[in-house]
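All remarks here apply to the structure that follows.
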Amino acid sequence: MSFESLGLAPALLRALAEQGYAEPTPIQAGAIPVVLEGHDLMAAAQTGTGKTAAFSLPLLQRLSSVQTKGPRKPRALVLTPTRELAAQINDNVRDYGKHLHVSSTTIFGGVGMGPQIQALRRGTDIVIATPGRLVDHMQQRTIDLSQIDVLVLDEADRMLDMGFLPSLKRIVGALPKKRQTLLFSATFAPEIKSLAMQFMQSPHEVSVTPANTVASTVSHQVHPVDASRKRDLLLHVLSQDSRRQSLVFSRTKHGADKLVRHLEQFGLRAAAIHGNKSQNARTRALADFKSGRITVLVATDIAARGIDIDQLPIVINFDLPMVAEDYVHRIGRTGRAGANGLALSLVSHEESGLLRDIRKLLNQEIAINEVPGFELSAPLRLDAHAPRPKPGQRQPQSRSPRQGNNGHRPHGHAQQGKNNGAGEHAMGNRKRRRPRGGKPATGTQR
């Protein structure tokens with residue numbers, strides 16, 4: 001199957017060819033014809049399957065086929081959970097629509113509203129927004145949603161997890177009743193079905209990936225280690241190839257910053273990305289990582305949404321996620337486009353229960369390999385009574401040898417804490433692309 005067979009316009013086919021994309025992925029092949037026909041759509045697709053193109057290509061075609069007169073009001077609204085993902089989607093939309101007269105802008109928090117208001121006043125066809133900042137604009141009456149023809153809810157499951165349901169209801173209530181609605185989610189969980197019933201009209205369903213599956217090209221490995229030795233083991237692992245791009249996940253914002261300081265002390269080029277960072281700092285760190293100016297990016301779960309990098313060789317879980325499903329989201333950033341990837345987890349005794357949950361979710365064994373010099377003082381327990389760290393609770397310091405075989409003194413452990421928020425007015429706590437790639441995320445696009 002080719003993109004031509006899906007009915008896409010020549011200008012879109014030209015843009016895709018210039019980027020080297022010839023064949024659609026399964027989610028694109030299933031979704032694009034449905035969207036072009038004007039139906040509402042529920043699509044289940046994991047990160048890295050090409051879902052951004054699955055909605056943006058037919059969206060661009062629809063908007064370009066209708067010419068508007070006078071000042072342009074937004075005709076399409078894309079809602080997404082985080083700033084980084086909004087910027088990434090906007091980059092993709094601009095790439096795919098480079099030969100069309102369709103404009104887009106991003107609306108998200110962490111930056112001033114002034115440039116966003118100016119962009120809206122100049123006129124734009126597509127608004128790509130996080131729910132919290134969009135509600136701010138609605139309250140200040142700086143955005144007109146009366147002409148929205150297409151609504152896209154991207155990563156709807158994550159927006160629900162982050163507590164955005166009240167904001168979503170408020171936003172949808174301000175949109176025209178007659179519109180096309182596209183919902184993309186990792187799963188068709190009951191809460192997603194409920195959301196669809198509220199917002200959609202007889203949606204078609206497209207599902208290409210079973211829930212909680214990972215690419216077969218990703219290998220999984222665990223290094224057991226005492227909590228107090230984790231930072232030294234991480235340094236040991238990263239030092240094996242200091243030029244390799246490595247994405248490291250920390251459970252807390254404070255822990256991410258401590259890790260970066262520790263790695264920089266030993267000459268590694270690292271940066272952190274989390275909800276407490278300014279938007280400029282987050283954008284710069286992501287751009288530096290994509291360009292190779294830094295080789296280690298330490299991220300929290302929510303801030304990492306929108307990290308879309310081809311050929312990322314390794315994802316390291318410095319802390320296991322509190323919710324097993326987040327493991328799938330994390331490691332979905334490696335092993336893309338048929339490339340091999342490694343998901344490496346540093347697991348302390350206190351995280352045994354979390355590891356057991358992950359193995360149960362994946363329904364597969366994960367290789368457990370001790371690193372000489374970093375042996376665990378108490379073995380991992382993978383039975384039904386395995387311990388789990390409590391949110392907000394530090395892992396206990398484990399007594400360990402004064403020095404490991406990497407020659408560095410062990411430092412303190414990373415603090416265990418609650419899942420971070422994204423700073424986008426989320427109103428509750430968390431319960432628990434192809435074409436791929438893109439340019440470095442930038443701020444508000446005009």
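The values are calculated or read from the model by the stated rules, or taken from the named source; none is laboratory data. Please read all numbers here as calculations on a predicted model, not as lab measurements. Methodologically, a virtual Cβ is constructed for each residue, glycine included, from the backbone with ideal geometry; neighbour enumeration extends over all protein chains shown.
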Scan of segment 362-374 for residues that are surrounded by 11 or more Cβ atoms within 10 Å (Cβ to Cβ) and at pLDDT below 90, ordered by number: 362, 366
Count - residues of segment 273-304 that are aliphatic (A, V, I, L, M) and closer than 20 Å to residue 343 by Cβ: 8
Single unsatisfied condition, residue 70 versus (1) out of contact with any Lys or Arg (no Cβ under 8 Å at 6 or more places or on another chain); (2) modelled with pLDDT of 90 or more; (3) over 18 Å from residue 182 (Cβ atoms): (2)
Exclusive hit being touching a Pro at 6+ places or on another chain (Cβ under 7 Å) and assigned by TED's automatic domain parsing to the domain that holds residue 354, set 232, 241: 232
Positions within segment 248-278 being more than 13 Å from residue 234 (Cα to Cα) and under 16 Å from the mean Cα position of the chain (by Cα), in sequence order: 251, 272, 273, 274, 275
Long-range neighbours under 7 Å by Cβ, at least six apart or interchain, first residue within 16 Å of residue 86 (Cβ to Cβ) within segment 134-150, second part of a helix (DSSP H, G or I) and hydroxyl-bearing (Ser, Thr, Tyr): 135/167
Residues satisfying the stated conditions in segment 8-53, i.e. part of a loop (DSSP other than H, G, I, E, B) and either within 20 Å of residue 157 (Cα to Cα) or outside the structural domain of residue 151 (by TED's automatic domain parsing) (or both): 40, 45, 46, 47, 48, 49, 50
Residues located in segment 313-361, provided they are within 25 Å of residue 292 (Cβ to Cβ), out of contact with any strand residue (DSSP E or B) (no Cβ under 9 Å at 6 or more places or on another chain) and buried (at least 21 other Cβ atoms within 10 Å of the Cβ): 329, 336
Matching strands (runs of 3 or more DSSP E) fully within segment 235-301 where at least 3 residues are within 17 Å of residue 333 (Cα to Cα): 246-249, 296-299
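Yes/no matrix, rows are residues, columns are (1) under 19 Å from residue 240 (Cβ atoms); (2) in a helix (DSSP H, G or I):
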residue: 344; (1), (2): yes, no
residue: 350; (1), (2): no, yes
residue: 353; (1), (2): no, yes
residue: 358; (1), (2): no, yes
residue: 361; (1), (2): no, yes
residue: 364; (1), (2): no, no
residue: 371; (1), (2): yes, no
residue: 376; (1), (2): no, no
residue: 380; (1), (2): no, no
Within segment 152-186, tally of residues that are out of contact with any Phe, Trp or Tyr (no Cβ under 7 Å at 6 or more places or on another chain) and in a helix (DSSP H, G or I): 13
Which listed residue, of 86, 53, is buried (at least 24 other Cβ atoms within 10 Å of the Cβ) and touching a strand residue (DSSP E or B) at 6+ places or on another chain (Cβ under 9 Å): 86
Extreme residue, farthest from residue 129 (Cα to Cα), among residues of segment 70-115 that are among the aliphatic types (A, V, I, L, M) and part of a helix (DSSP H, G or I): 93
Options 175, 165: the member that is assigned by TED's automatic domain parsing to the domain that holds residue 31 and touching a Leu at 6+ places or on another chain (Cβ under 6 Å): 175
